[in-house]
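Reading through the structure tokens given below for one structure.
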Amino acid sequence: MPRYAMVIDLQRCVGCGSCSISCRSENNVPEGIYWSNKITETSGTFPNVRYHYIPTLCNHCDNAPCVRGCPTQAMHKLENGITMHDPDKCIGCKYCEFNCPYGVIYFNWRKPHPFWRQQDALIEGGTSSPAEEAKKAGGKVIPYYNPERAETLPGIRPKGVVEKCTFCDHRVKKGLLPRCVEACPADARIFGDISNPNSQVSKLLGKFRPFRLREQLGTDPHVFYIRDFNPAHYQPTKGGV
Amino acid sequence: MSRSKSAYWIWMGLLGVAILAGLVAAFQLFTKGHYLFNANDVLMWSLPLGVYIYLALTSTGLTLLASLPLVFGIQKYEPLAKRLVFLAIATLVGAFVSIGLELGNVWHMFYIMLSPNLSSPIWWMGFIYSVELVVLAVKFWRLHVGDWHSPLGKVLGHASFLAAIVAPLMIGSVFGLTESRVTYFGPVMSIYCLMMAILSGAALCLFYNLVLARIGGSGLSESIYAIQDDMARIFTWAMGLVIVFTLVKVAIESATVIPDFLNYHKYAQIFGGIGNLNTEVILGLLLPFVLMAIPSIRSTDAGRMLASGLVLVGTLAMHMEILLAGQSRPIGPKAEQYPDYIQYFPSIYEWLVMLLAVAVALLLYTLGERYLKLEAAPEH
């Protein structure tokens with residue numbers, strides 16, 4: 001059985017957000033919820049400043065605190081290492097969200113996609129309502145609804161339960177790459193079987209010194225970061241007193 | 001209609017209105033969703049969860065006090081036993097109301113039994129409190145039919161005592177096992193919850209008996225009066241324990257340079273304070289302790305009522321402070337969508353959930369006092 005992992009090459013990543021947008025449409029993710037997200041940081045003091053961009057998603061940890069804490073095993077591990085959630089078992093206690101050290105789990109505080117449920121037209125008699133638009137497009141709640149998502153998880157998760165990235169388990173099952181990996185224009189995301197020494201991810205992890213987020217917590221995250229985007233250079237110097 | 005009778009019906013009417021308002025809020029939560037709370041994906045556990053912790057721990061404290069006569073055989077306290085068991089049940093029911101309305105999908109609760117996760121402190125917490133409720137209910141029934149010393153009664157007493165010891169440890173573990181939130185003080189949080197349970201249980205016992213005597217108009221009965229002195233002592237000792245713990249906690253928070261604590265400390269005083277001491281600690285813990293340390297005050301009913309009343313409010317505030325301060329800053333990428341610090345004030349729906357939980361407990365107290373002969377004790 002493979003053990004899936006992702007390597008994110010920060011030198012290749014340009015911070016375009018394509019991963020987040022493609023994830024959103026692939027997984028029918030509602031507004032306010034981010035399966036694929038980012039951490040941005042600014043370091044230094046003007047005029048000597050730099051901007052850092054770290055794409056984030058569920059780390060599919062081996063020692064996942066969300067899985068350990070879930071009272072009903074709604075949050076569980078698949079054999080291939082993917083951390084999966086079953087909304088039908090979720091009681092909405094939000095302990096996984098509380099327990100996750102990475103801030104990648106979200107709760108459906110309301111019925112998802114409220115905008116596309118609106119029955120009122122913007123201009124009475126002039127435009128159709130969002131709900132009519134969605135219906136015309138044949139979508140389920142949203143016009144851009146992706147029915148493939150429903151193969152392993154409710155296509156749109158109901159209110160009162162949590163949701164998060166699943167490494168696109170429904171695609172991986174069919175031998176396809178996660179949507180964010182496929183959509184990355186810079187090939188900054190590399191996905192594969194970390195238990196196979198010949199996989200691309202294993203080779204990259206042997207070639208560069210990777211880091212993972214909050215490694216000291218012992219969660220054993222399976223999203224690895226390599227290299228850093230930094231085109232800056234400087235004249236050799238020993239500094240001074 | 002006599003004055004006391006009309007006061008009773010006014011009281012029942014008020015409880016009825018409170019419960020009705022709470023049920024309307026519950027219906028809205030079930031149909032519209034929990035966005036009606038002022039919670040979000042950073043500060044996800046708010047007032048209803050704080051109320052649950054408070055009521056559940058208070059129920060635990062009452063059970064532990066009841067175990068003095070029922071498990072440890074201290075006959076002197078027997079006149080309190082039946083009432084304490086009943087109060088523990090009623091308070092726990094209030095706690096369940098509060099957590100039931102906090103959960104996003106309470107209808108899936110049967111998966112707690114069908115698909116248990118034994119590594120989850122929340123599972124253990126839910127399981128133990130459910131067992132405790134059932135055991136207490138059966139124990140109460142046995143006491144109600146006059147069975148004080150049968151083997152079954154003893155087993156039930158021991159089981160409820162054990163559950164009452166473990167349950168607060170589990171509530172503490174829910175927070176303490178969250179390695180990524182060090183400000184919850186790890187496993188020590190379980191000890192804190194146990195001490196807080198004894199404190200709020202003793203405070204409620206003291207306060208309740210005094211209120212009951214005042215409502216009855218005849219003052220405390222002689223047997224209860226003698227016990228109240230001991231309860232006041234237990235109450236003061238419990239305050240002392242929590243004060244020691246709190247001062248050590250404040251000292252560590254003040255001295256540490258771990259970044260999480262530096263951020264936490266900046267936002268920990270939600271209700272304000274003097275120096276590093278929070279307002280609720282000063283008014284809800286230190287002040288009542290001082291009051292109970294002064295002989296001329298601690299021997300009076302008014303002094304005891306004031307001190308226990310302050311603690312009853314103070315312990316809820318202390319639970320809320322710890323709960324909220326540990327969630328006030330966004331983790332990881334959530335900092336992209338949320339401000340550095342989450343301001344929180346409960347929404348009307350959160351207040352109504354609290355009102356419903358407390359009103360249900362008070363309704364049960366009232367009905368119990370009226371119909372269930374709570375002062376019954378065995379004849380020796």
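This model, with +1 at the C-beta of Lys and Arg and -1 at the C-beta of Asp and Glu, gives chain A a dipole about its Cα centre of some 360 debye. Starting from the Cα of A:V14, step 7 Å toward the Cβ, then list every residue of the range A:182-209 with an amide N under 14 Å from that point. Residues A:184-189 qualify, since their backbone N sits under 14 Å from the label point. Based on Cα atoms of chain A, Rg over Rh with Rh as the Kirkwood radius reads 1.03. Our helix-only sum for chain B, with -39,500 (n - 2.57) per DSSP H run of n ≥ 4 divided by its residues, gives a mean residue ellipticity at 222 nm of -24000 deg cm²/dmol.
Calculate the translational D of the protein assembly as shown in whole µm² s⁻¹ from Stokes-Einstein, where the hydrodynamic radius comes from the Kirkwood formula applied to all Cα pairs, the temperature is 10 °C and the viscosity 1.306 mPa s.
59
Applying both filters, DSSP loop and at most 10 other Cβ atoms within 10 Å, to the trypsin sites (Lys or Arg not before Pro) of the range B:314-380 eliminates every site.
Annotation for the range A:190-211 versus the range B:284-339: alpha-carbon center distance of 52 Å. Counting only other chain Cβ atoms within 10 Å of each residue's Cβ, the peptide B:96-106 averages 4. With the charge dipole of the protein assembly as shown set up from +1 on Lys and Arg Cβ and -1 on Asp and Glu Cβ about the Cα centre, the Cα lying farthest toward the positive end among the listed residues A:S18, B:V138, A:G126 is that of A:S18.
At most 13 other Cβ atoms within 10 Å plus a DSSP loop assignment makes a site exposed; report the longest stretch of chain A without any exposed GluC sites (Glu not before Pro).
A:125-241
The relative contact order of the range B:127-266 comes to 18 percent, based on Cα pairs under 8 Å that sit 6 or more residues apart. On the beta carbon distance between A:H233 and A:S129, with R0 = 60 Å, the FRET formula returns roughly 0.60.
Shielding value for B:120-132 is 3, the average number of Cβ atoms from other chains within 10 Å of each residue's Cβ. Helix B:348-371 and the long axis of chain B differ in direction by around 10°, with both axes built from C-alpha atoms. Over chain A, what is the relative contact order in whole percent, taking alpha-carbon pairs under 8 Å and six or more residues apart? It comes to 31 percent, rounded to a whole number. For the protein assembly as shown, A:C13, A:C16, A:C23, A:C61, A:C70, A:C90, A:C93, A:C100, A:C168, A:C184, B:C193, B:C205 have no disulfide-compatible partner, since no other Cys C-beta lies under 4.7 Å from theirs. Can you tell me which lysines have their Cα less than 22 Å from the Cα of B:K249? Leave out same-chain residues fewer than eight positions away. Result set, ordered by chain and number: B:K266.
Dipole orientation for chain A: of the candidates A:L57, A:P87, A:Y144, A:L57 has the Cα lying most toward the positive pole (charges on Cβ; Lys, Arg +1; Asp, Glu -1). Note on A:K164: lysines with a C-alpha under 23 Å away, same-chain residues under 8 apart excluded, are A:K38, A:K77, A:K89, A:K94, A:K111, A:K140, A:K173, A:K174, B:K32, B:K334.
Each Lys and Arg contributes +1 and each Asp and Glu -1, all at the Cβ; summed about the Cα centre of the protein assembly as shown, the dipole is approximately 440 debye. Compared with the dominant Cα axis of chain B, that is its longest principal axis, helix B:47-70 is turned about 40°. Net length available on complete extension from B:M113 to B:S6 is 34.0 nm, with 0.36 nm assigned per residue and the Cα-Cα distance removed.
Within 10 Å of the Cβ of each residue in A:101-113, the mean number of Cβ atoms contributed by other protein chains is 5. Debye-formula intensities of the range B:131-222, expressed as log10 I(q)/I(0) at q = 0.15 Å⁻¹, are -0.80 (one equal scatterer per alpha-carbon, no solvent).
In percent, rounded to a whole number, the relative contact order of the range A:55-133 is 22, using alpha-carbon pairs under 8 Å and six or more apart. Placing one identical point scatterer on every Cα of chain B and ignoring solvent, what is log10 I(q)/I(0) from the Debye formula at q = 0.09, 0.12 Å⁻¹? Result of the Debye calculation: -0.53, -0.96. Loop-located chymotrypsin sites (Phe, Trp or Tyr not before Pro) across the range A:136-239 with a Cβ neighbour count of 12 or fewer within 10 Å are A:Y144, A:Y234, with loop assigned by DSSP. Ordering A:V104, B:S308, B:V42 by the projection of their Cα atoms onto the charge dipole of the protein assembly as shown, which places +1 on the Cβ of Lys and Arg and -1 on the Cβ of Asp and Glu, puts A:V104 at the extreme positive end. Per Stokes-Einstein, at 4 °C and 1.567 mPa s, what whole-number D in µm² s⁻¹ belongs to the range B:252-380, with the Kirkwood radius over Cα pairs as the hydrodynamic radius? For the chosen part, D equals 71 µm²/s. Between 0 and 90 degrees, rounded to the nearest ten: what's the tilt of helix B:121-144 against the longest Cα principal axis of chain B? So the helix axis and the longest Cα principal axis differ by about 10 degrees.
Only the coordinates and a few stated rules stand behind these numbers; no lab work does. Just so you know, these numbers come straight off a predicted model, no measurement behind them. When we count neighbours, we look across all protein chains shown, and the Cβ atoms used for this are built from the backbone with ideal geometry, even at glycine.
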